[in-house]
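Asker: After the structure tokens below, expect a handful of questions from me.
The values are calculated or read from the model by the stated rules, or taken from the named source; none is laboratory data. Predicted model only: the values in this text are computed from it and were never measured. Cβ placement follows ideal geometry from the backbone for every residue including glycine, while neighbour counts extend to all protein chains displayed. To get the accessible areas, we keep the full protein, side chains included, count just its heavy atoms, and leave off ligands, DNA and RNA. Shrake-Rupley method; radii C 1.70, N 1.55, O 1.52, S 1.80 Å.
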Amino acid sequence: MWNQAHPYEAVSGAVRCGSHYGIVQSVMLLAVIVLGLGTSIVSAQSLNWEGQDGIYVTPLAYAVPSTDKGLGRPVVAYHYLDAGPVLGGFHQVSVTVGVFNRVEFGYTRNLHQDGSTAGLSTLWSSGFNAFHGKLNFLPERRAWQPALSVGFVARSQVRNVGGVIQGQDTNNAVFYAVATKTVTQIRKLPLVFNLGYKATNASLLGLVGNAPAYKGRLFGAAAFALKGPGRSTILLGSEFLQEPRSVENLPAAVVPTTITYAIRIVPAGALPLHGWGVENPKLTIDFGVAQAAGTVMPGVNLQARHQFALCISYGF
């Protein structure tokens, strides 16, 4: 059942234990996909939370694979975040396509599963849309040159927190530049470094609605790849994602920096000894822990500090 708006109860109510139905549902879906698709290699790369070629919540400067002359095959992804008893569960379904080996664009639908905390959980509604695009204007070189890209995300039908309080859908967006470098000088231990800057009027990727105005924020990631059992590759990494600290219609609220710790499993992916951007696994599976938000204002604890997340990406 989707949330009904009772915005002015947001500072009261007892906290009840959250349901783990979403985790069970996600693990079942993961098992079906892994068993059904196999692990042969074609063009694809892992999509992040909003459908971009990326880690978990941050985009990389690489674009999903395509051809020099036109469209590539679509890449699809499913993300799940158990955001706790206040925020509830978030499901993301994405499709992304590359063009000319330099451009990617796609669509993501956010679907929200109700939290169980009286007074607070009603500030989140059914979900919203996200459209994204990215242009890689400088490709990565083997020696020192990173890949450089610019991109955007535009969200519509956002009715979280401020939208619920106002009783209307809202929109927000992000415009960013990002640099990514895969370092392959260490034998059999590729390293990936990512750093970007964005301007956004969204609060926590739109999951907490809007910020009062556009703010410049930083994001980044670091990871390393290891050869796993059989033909697999395992990527271990961490990200940080700064967001505007204020929330629209809640001037006393403070949103902290989001930090994630992720494990990416590529069942049939070659160790990226020639740069991560040239490896094209068909199936990737991500598991992670997200530190999103705890006490954001006096008496209001969102209880989303150590949250389970997973992703499955598949390229046709």
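Asker: When you scan segment 74-133, how many residues do you find that are more than 18 Å from ALA173 (Cβ to Cβ), small (Gly, Ala, Ser) and surrounded by fewer than 18 Cβ atoms within 10 Å (Cβ to Cβ)?
Answerer: 3
Asker: Any idea how many residues of segment 176-195 are surrounded by 23 or more Cβ atoms within 10 Å (Cβ to Cβ) and part of a loop (DSSP other than H, G, I, E, B)?
Answerer: Residues that pass the stated criteria total 1.
Asker: Please specify each residue of segment 31-66 satisfying the condition of being part of a loop (DSSP other than H, G, I, E, B), at pLDDT below 90 and within 26 Å of HIS112 (Cα to Cα).
Answerer: The answer is GLN45, SER46.
Asker: Next up: Please identify the pairs in which a residue from segment 67-88 that is closer than 21 Å to ILE312 by Cα and at pLDDT 90 or above has its Cβ atom under 8 Å from the Cβ atom of a residue that is of a type in the set (D, E, K, R) and surrounded by fewer than 23 Cβ atoms within 10 Å (Cβ to Cβ), counting only partners at least 6 apart or on another chain.
Answerer: GLY88/ASP114
Asker: Any idea which residue in segment 196-248 is most open to solvent (accessible area, probe 1.4 Å), counting only those that are over 27 Å from GLY115 (Cα atoms) and in a loop (DSSP other than H, G, I, E, B)?
Answerer: Checked segment 196-248; the qualifying residue most open to solvent (accessible area, probe 1.4 Å) is ARG231.
Asker: Look through LYS215, LYS188 and report the one residue that is touching a residue at least 40 places away in the same chain (Cβ under 8 Å) and charged (D, E, K, R). Please lay out each step first, then the result.
Answerer: Details: LYS215 fails: touching a residue at least 40 places away in the same chain (Cβ under 8 Å).
So the residue among LYS215, LYS188 that is touching a residue at least 40 places away in the same chain (Cβ under 8 Å) and charged (D, E, K, R) is LYS188.
Asker: May I ask you to list the residues in segment 230-262 that are among the β-branched types (Val, Ile, Thr) and in contact (Cβ under 8 Å) with a residue 24 or more places away in the chain?
Answerer: Of everything in segment 230-262, those that are among the β-branched types (Val, Ile, Thr) and in contact (Cβ under 8 Å) with a residue 24 or more places away in the chain turn out to be THR233, ILE234, VAL247, VAL254, VAL255, THR258, ILE259, THR260.
For (1) at pLDDT below 90; (2) charged (D, E, K, R); (3) closer than 21 Å to LEU310 by Cα, each residue gets a yes or a no:
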residue	(1), (2), (3)
SER232	yes, no, yes
LEU235	no, no, yes
ARG245	no, yes, no
ALA252	yes, no, no
GLY277	yes, no, no
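Asker: Something else about it: Looking at segment 145-166, which of its residues are surrounded by fewer than 22 Cβ atoms within 10 Å (Cβ to Cβ), touching a residue at least 60 places away in the same chain (Cβ under 8 Å) and out of contact with any Pro (no Cβ under 8 Å at 6 or more places or on another chain)?
Answerer: PRO146, LEU148, GLN166 - these are the residues of segment 145-166 that are surrounded by fewer than 22 Cβ atoms within 10 Å (Cβ to Cβ), touching a residue at least 60 places away in the same chain (Cβ under 8 Å) and out of contact with any Pro (no Cβ under 8 Å at 6 or more places or on another chain).
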